[in-house]
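The values are calculated or read from the model by the stated rules, or taken from the named source; none is laboratory data. Note that the structure is predicted; figures quoted are calculated from it, not measured. Ideal geometry is used to build each Cβ from the backbone, glycine not excepted, and the neighbour counts take in all protein chains shown.
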Amino acid sequence: MKMQLLDYSKKIISFLKIGAKDILSPPMCYYCKSLMQKRAVFCVSCEGKIQPIIPKRLQVTKSFGITVYAVGAYQEPLKSLILAKGWSDIIASFQMGKLICEKTIVQFLPCDFLVPIPLHWSRKIKRGFNQAEVIAQEVSAVTKKPVEKILTRDKYTSFQSKLSFDDRHKNVKDVFSLTIKNKEKYKNKHIILIDDLLTTGATLKAAAKQLKKLKPASISTVVAGVVT
């Protein structure tokens with residue numbers, strides 16, 4: 001009887017918490033700000049505006065390439081989520097993680113480790129977080145795969161979006177390095193590289209080139225948006 005009462009009390013408390021949350025922060029579309037009946041990133045209308053993107057193959061070296069899976073094209077409403085990092089909106093990064101889990105095949109890809117693209121330490125301090133890490137944590141919560149921050153960004157680089165195609169590749173050349181000693185842990189394992197946006201692919205290629213040194217079984221990539 002006591003156990004039944006305890007379970008009932010827990011259900012009541014849980015129900016009250018959900019109700020209080022909906023009152024204090026009602027479900028609202030991130031883009032158009034319209035109220036919704038249940039929590040989601042976008043309302044049905046805004047979600048319908050997302051332009052699907054077929055998986056993109058990036059050739060890292062002559063004999064090695066990676067496949068990039070994305071939620072959609074870099075246009076509204078996704079664009080607003082991706083740009084929100086510029087004013088330190090961490091909620092937007094959580095939302096991107098949710099969309100990646102809902103709108104890509106990340107849950108069905110071979111995976112042992114999730115690796116976020118790192119920010120330079122000075123940029124991370126200024127922003128307050130690394131959007132790729134936040135996205136990775138959301139994906140980890142669904143896939144139950146660990147997030148491994150095994151890459152570091154050694155150089156402070158210009159924003160890729162402000163550079164020409166050729167300069168973007170030069171900008172991230174030798175910018176990443178591995179931060180681990182136990183490379184055997186990742187040998188023959190499946191790694192998923194995570195970032196918010198794919199433009200030319202220069203950043204992802206540079207990161208994948210470093211991860212390839214670990215001799216993994218595979219390297220895949222998931223992002224929120226792709227510049228088309």
- Message: Against the condition part of a helix (DSSP H, G or I) and in the same structural domain as residue 186 (by TED's automatic domain parsing), how does residue 81 come out, does it pass?
- Response: yes
- Task: Being crowded, with 20+ Cβ neighbours inside 10 Å, modelled with pLDDT under 90 and among the aliphatic types (A, V, I, L, M) is the filter here, so list the residues in the range 163-206 that pass it.
- Result: 172
- Message: If I ask for residues that are part of a helix (DSSP H, G or I) and surrounded by fewer than 20 Cβ atoms within 10 Å (Cβ to Cβ), which ones from the range 84-100 would you list?
- Response: 84, 86, 87, 90, 91, 94, 98
- Could you list all residues from the range 35-52 that are part of a loop (DSSP other than H, G, I, E, B) and either modelled with pLDDT under 95 or touching a helix residue (DSSP H, G or I) at 6+ places or on another chain (Cβ under 7 Å) (or both)? 36, 37, 38, 39, 40, 41, 50
- Message: Please go through the range 213-228 and give me each residue that is of a type outside the set (A, V, I, L, M) and in contact with a strand residue (DSSP E or B) (Cβ under 7 Å, 6 or more places away or on another chain), ordered by number.
- Response: 213, 216, 218, 220, 221, 225, 228
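What number of residues within the range 10-34 are at pLDDT 55 or above and polar (S, T, N, Q)?
Total satisfying the criteria: 2.
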- Note on the structure: A careful count of residues in the range 111-138 that are loosely packed, with under 15 Cβ neighbours inside 10 Å, of a type outside the set (Gly, Ala, Ser) and touching a Ser or Thr at 6+ places or on another chain (Cβ under 6 Å) gives 0
